[in-house]
């Protein structure tokens, strides 16, 4: 095994149905009942669903009117992001008691590198168990965790014994674990990609591992290289305490479909103002403006323009978004508009990333997890 290959103990902590669980904790009468956060109203879309609701097939990003058909007893509750942020901060304070190498992915999940930790505990599994216990005792919510040698496997493992469980994949177990894993369980393989893999006879990690790098490159483009290495347990991305923001966006879903660009200008003005506020609050600027259009038939279209300079002013954002709107004829009536700014001045290059990914790894390593 190469001397310069980093060996890490990574924990991925994922809160269980976070938004829905917070609602149930704050409103005891909702405990044990199927609830959905968001999704109310004629055009509402669900942000999160409790486990009781998930049994009926209710899930995030589902239209509320479809969810109520699946689960007539479903209770809709409003989002409370201030409360989510408050509890998320408490949870992160617990993480920092163990390591400063914490990479939040969202309000309800994070990676922790505990290879060297503040408690001097050699067992990442015991640390994960202790963290989960503290979250329950100090915050009142349950969390699940995955523990392994890299972020990819830890992320996959955290979903293995949900809710309120954990899964450790020891170094010598990595390859058997990945070979037996359904391809749908691989982080980074979505529904469309999974269907494509099924058509090519790829159903498990073992099937994926049998394909050459050339085959995966040819059939899955730039993602092929990622699949080739992760199925071999190779994913050496470090836990980054200060994650670099790559884009900033705002969008609006309309109560009625809009059929004319003229009616959309007022909405674009509001969205551009929100984007500018977020940019100024974050003290960042960007060069690439993207207009997102979701039509009434749920098809999605994006139109982008990259400027030769960094901007954060509402007037320029709005003017560019208008030009993108008028760039070509709309395909249908519109249910959602969004504006995002990317190519930000906070981005940093990831040189040598591919070289790091391509190193071989020995899974026979004896490592106390």
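Classify the range 247-344: rounded, prolate or oblate, from the alpha-carbon gyration tensor (a ≥ b ≥ c, eigenvalue square roots; a/c under 1.5 rounded; otherwise prolate if a/b is larger than b/c)?
Values: a/c = 2.03, a/b = 1.72, b/c = 1.18.
Because a/c hits 1.5 or more and a/b exceeds b/c, the range 247-344 counts as prolate.
Only Cα pairs under 8 Å and at least 6 apart count here; give the relative contact order of the range 247-344 as a rounded whole percent.
Working: 183 pairs, mean separation 46.3, N = 98.
Once normalised by length, the contact order is 47 percent.
From a point 7 Å beyond the Cα of residue 7 in the direction of its Cβ, which residues of the range 239-265 have a backbone N at a distance under 19 Å?
So the set is 239.
Calculate the spin-label point distance for residue 136 paired with residue 249, positioning each point 7 Å from the Cα along the beta-carbon direction, and give it in nanometres.
About 3.7 nm separates the two model spin labels.
Do you know the relative contact order of the chain, to the nearest whole percent, from alpha carbon pairs under 8 angstrom that are 6+ apart?
Numbers: 677 pairs, mean separation 59.9, N = 369.
It comes to 16 percent, rounded to a whole number.
Two-decimal Rg/Rh of the range 1-74 from alpha-carbon positions, Kirkwood Rh?
Values: Rg = 17.7 Å, Rh = 13.8 Å.
When Rh is taken as the Kirkwood radius, the ratio is 1.28.
Determine the relative contact order of the range 193-282: mean sequence separation of Cα pairs under 8 Å and six or more apart, normalised by residue count, in whole percent.
Values: 37 pairs, mean separation 15.9, N = 90.
Dividing the mean separation by the residue count of the range 193-282 yields 18 percent.
Of (i) 61, 54, 44; (ii) 76, 52, 37; (iii) 65, 53, 44, which one was derived for Cα extents along the principal axes in Å from the structure shown?
(iii)
Please say if the range 6-46 is rounded, prolate or oblate, where rounded means a/c under 1.5 for a ≥ b ≥ c the square roots of the C-alpha gyration tensor eigenvalues, and otherwise the choice is prolate for a/b larger than b/c and oblate otherwise? Please report the intermediate quantities before stating the final value.
On the way: a/c = 5.03, a/b = 1.93, b/c = 2.60.
Judged from the Cα gyration tensor, the range 6-46 comes out oblate (a/c at least 1.5, b/c at or above a/b).
Once you put a point 7 Å from the Cα of residue 206 and another 7 Å from the Cα of residue 277, both along the Cβ direction, what distance in nm separates them?
5.5
Specify whether the C-alpha gyration tensor of the range 45-137 places it in the rounded, prolate or oblate class, a ≥ b ≥ c being the square roots of the eigenvalues: rounded for a/c under 1.5, otherwise prolate if a/b is larger than b/c and oblate if not. List each step's numbers first, then the result.
Details: a/c = 3.15, a/b = 2.47, b/c = 1.28.
The shape class here is prolate.
If you stretched the chain out fully between residue 270 and residue 90, how much longer would it get, using 0.36 nm times the residue separation minus the C-alpha to C-alpha distance? Show your work: numbers first, answer last.
Numbers: separation 180, 0.36 × 180 = 64.80 nm, distance 3.29 nm.
Fully extending the segment from residue 270 to residue 90 adds 61.5 nm.
In nm, to one decimal, how far is the modelled label at residue 119 from the one at residue 172, with both set 7 Å along Cα→Cβ?
Distance between the two pseudo-spin positions: 2.5 nm.
Could you order the peptides 177-184, 11-18, 322-329 from most to least packed, using the average number of other C-beta atoms within 10 Å per residue? Before the final figure, lay out the partial values.
Values: 177-184: 16.8, 11-18: 24.4, 322-329: 13.0.
Per-residue mean Cβ counts within 10 Å order the peptides as 11-18, 177-184, 322-329.
Sort 280-290, 138-148 by the packing proxy (mean of other Cβ within 10 Å over each peptide's residues), most packed first. Intermediate results must be reported in sequence, preceding the final value.
On the way: 280-290: 16.7, 138-148: 22.3.
Going from most to least packed, we get 138-148, 280-290.
Can you compute the FRET efficiency between residue 300 and residue 217 using 1/(1 + (r/R0)^6), with r the Cβ-Cβ distance and R0 = 22 Å? Round to the nearest 0.05.
Values: r = 26 Å, r/R0 = 1.20.
Between residue 300 and residue 217 the formula returns 0.25.
Bear in mind that the values in this text are calculations on the coordinates, not laboratory data. Nothing here was measured: the structure is a model prediction, and the numbers come from that model. Note that each Cβ is placed from the backbone with ideal geometry, even for glycine, and that neighbours are counted across all protein chains shown.
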